[in-house]
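For reference, the structure discussed in these notes is given below.
The values are calculated or read from the model by the stated rules, or taken from the named source; none is laboratory data. Quantities reported herein were computed from a predicted structural model and do not represent experimental measurements. Cβ placement follows ideal geometry from the backbone for every residue including glycine, while neighbour counts extend to all protein chains displayed. These area figures cover heavy atoms from the full protein model, side chains too; ligands, DNA and RNA do not enter into them. Shrake-Rupley method; radii C 1.70, N 1.55, O 1.52, S 1.80 Å.
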Amino acid sequence: MTDVVDRAERADGADGPDPRARLLARAAVLCAVAAVVAIAFTGLHGLLAVVAELAGLAVTAIGVWWAIARRGVLRAAGAVLAVGAPVAVVVLAYHAHALLLSVIVLALWLAAFVCARAALRAARPPKPMPARETPPPRRPVLIMNPKSGGGKVGRFRLAERAEELGAEVILLDTSAEQDVAGLARAAVADGADLLGVAGGDGTQALVAAVAVEHGLPFLVVSAGTRNHFAMDLGLDREDPATCLDALRDGVELTVDLGRVGDRPFVNTVSFGAYAAIVQSPEYRDAKTATALDALPDLLMGADGPHLTADAGGRRIDAPQALLVSNNPYAGADPVNLGRRPRLDRGVLGVLGIRVDGAAQAAELALRGERATGLTVLSARRVTVRADAPEIPVAVDGEALTLPTPVVCSLAGGALRVRVPRDRPGADPAQQPHAPRLDWRVIARLAFARTEARA
């Protein structure tokens, strides 16, 4: 309880909580109380509706677990449960004349949740990564992959636009394997004072490491498929050509660069089920079918090595999936991690998941980040060991096999990234910031008094 009070005090500040945070916290409490009153007002019908909704969520999670971790009849039954449970809850509520109540209670709880999250964000707003003024480069060199992102380099005329801004462009020959890092080093030897990439996150990491070696700024063009690194830098993922504005009117951010073994990474390193699945040659052409075929053996322990991770003194034993990220993500959802609010905190994000059966799947659905099967922490160094000399690893989405033990570390503040002065995702108010939801902290914010200033 002391920790909760301390966090609330820090959120309040010396002169009481921020007025907007206090208003949002009160709205959250009001919506939560209204939801409870609505249930109590309808008596047994209301209570049964809530119990049915929670049971439906648990059964849906169990169905999803069977659908991905089993084969044959159990997989089919799981798919039926996953779809049928929500439908059954709606039908039951309708026949019990509690459908409207269920909708109202759900809306109130959703409003309470949204207001509570917003209150915590307002009380502890995220700070932007500091940017510094630097002169524009004189001899920038950009490496571009014509096939990346389904052909964004050609579709947005990135090579032509970069050359118009004075950059030298190296187009990769996609018909043969090329040494991207070697091309970057050759560009540096030829006088480049900035290195950039229009391509996927894996290519960006390789060139970024060369930029770090030579103390040069690095430029990211969001021409990949997912562009997670570009998104967390605040760059425009819809129009990669806007990233080139940094060549003439830009600022520099100092961010961290991850390293797994002797390979750099800008986003994530994955171990376990996902890493094993992406090794399959069929994965790129049939992602869903390949994953469904491999997951039962991987999740039930019939395939894959036994992993153990040491993250800053914390041990994670036998995770089915382990994700190590260059700085922590805002959310602890293993399906949708969201964004990283900062890339300069100097720590790795660690997310481990272990679900041993349907009961734990239901717990994960009901308790979220508090579930026993989910481990969320941060560390400066992560060491992954296994009962095998080599293990599959996915580095920024690329399939690799690395000798064990595998060590993940972080070079804090090593990478200078030149970005446009104006970036759509640079506003801290638009960035994700999801502190752990604790209703005791919300109550403290809602009812704390504002002290008079001296």
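Run down 141, 91, 87 and say which single residue is open to solvent by less than 80 Å² (accessible area, probe 1.4 Å) and either within 28 Å of residue 67 (Cβ to Cβ) or at pLDDT below 85 (or both). Show your work before the answer.
Numbers: 141 fails: either within 28 Å of residue 67 (Cβ to Cβ) or at pLDDT below 85 (or both); 87 fails: open to solvent by less than 80 Å² (accessible area, probe 1.4 Å).
Just a single option satisfies the conditions, and that option is 91.
Among the residues in the range 229-250, are any open to solvent by 10 Å² or more (accessible area, probe 1.4 Å) and without any contact (Cβ under 8 Å) to a residue 40 or more places away in the chain? Checked against the condition, which is being open to solvent by 10 Å² or more (accessible area, probe 1.4 Å) and without any contact (Cβ under 8 Å) to a residue 40 or more places away in the chain, the range 229-250 yields at least one hit.
Being on the phi < 0 side of the Ramachandran plot, among the polar types (S, T, N, Q) and modelled with pLDDT of 95 or more holds for only one residue in 254, 308, 288, 225, and it is 254.
Would you be able to say whether some residue in the range 114-121 is closer than 30 Å to residue 445 by Cβ and open to solvent by 40 Å² or more (accessible area, probe 1.4 Å)? Outline the logic, then answer.
Of the residues in the range 114-121, the ones closer than 30 Å to residue 445 by Cβ are 114-121.
Filter once more, keeping what is open to solvent by 40 Å² or more (accessible area, probe 1.4 Å): 114, 121.
Yes - at least one qualifying residue is present in the range 114-121.
The residues of the range 385-405 that are assigned to a strand (DSSP E or B) and either out of contact with any Gly (no Cβ under 6 Å at 6 or more places or on another chain) or small (Gly, Ala, Ser) (or both), listed by number, are 385, 386, 390, 391, 392, 393, 394, 395, 399, 400, 401, 403.
Determine, yes or no, whether residue 220 is more than 30 Å from residue 53 (Cα to Cα), more than 21 Å from the chain's Cα centre (by Cα) and outside any loop (DSSP other than H, G, I, E, B).
Details: more than 30 Å from residue 53 (Cα to Cα): yes; more than 21 Å from the chain's Cα centre (by Cα): no; outside any loop (DSSP other than H, G, I, E, B): yes.
Considered against the rule, which asks whether it is more than 30 Å from residue 53 (Cα to Cα), more than 21 Å from the chain's Cα centre (by Cα) and outside any loop (DSSP other than H, G, I, E, B), residue 220 comes out as no.
Does residue 153 fit the bill of being free of Cβ contacts under 8 Å to residues at least 60 places away in the same chain, within 17 Å of residue 241 (Cβ to Cβ) and of a type in the set (A, V, I, L, M)?
Numbers: free of Cβ contacts under 8 Å to residues at least 60 places away in the same chain: no; within 17 Å of residue 241 (Cβ to Cβ): yes; of a type in the set (A, V, I, L, M): yes.
Considered against the rule, which asks whether it is free of Cβ contacts under 8 Å to residues at least 60 places away in the same chain, within 17 Å of residue 241 (Cβ to Cβ) and of a type in the set (A, V, I, L, M), residue 153 comes out as no.
When the range 5-35 is filtered for residues that are of a type in the set (Val, Ile, Thr), modelled with pLDDT of 80 or more and loosely packed, with under 15 Cβ neighbours inside 10 Å, only 33 remains. Among residues of the range 380-408 that are farther than 13 Å from residue 309 by Cα, those with a beta-carbon under 6 Å from a residue that is part of a strand (DSSP E or B) and charged (D, E, K, R) at least six positions away or on a different chain give the pairs 395/263; 401/390; 403/390.
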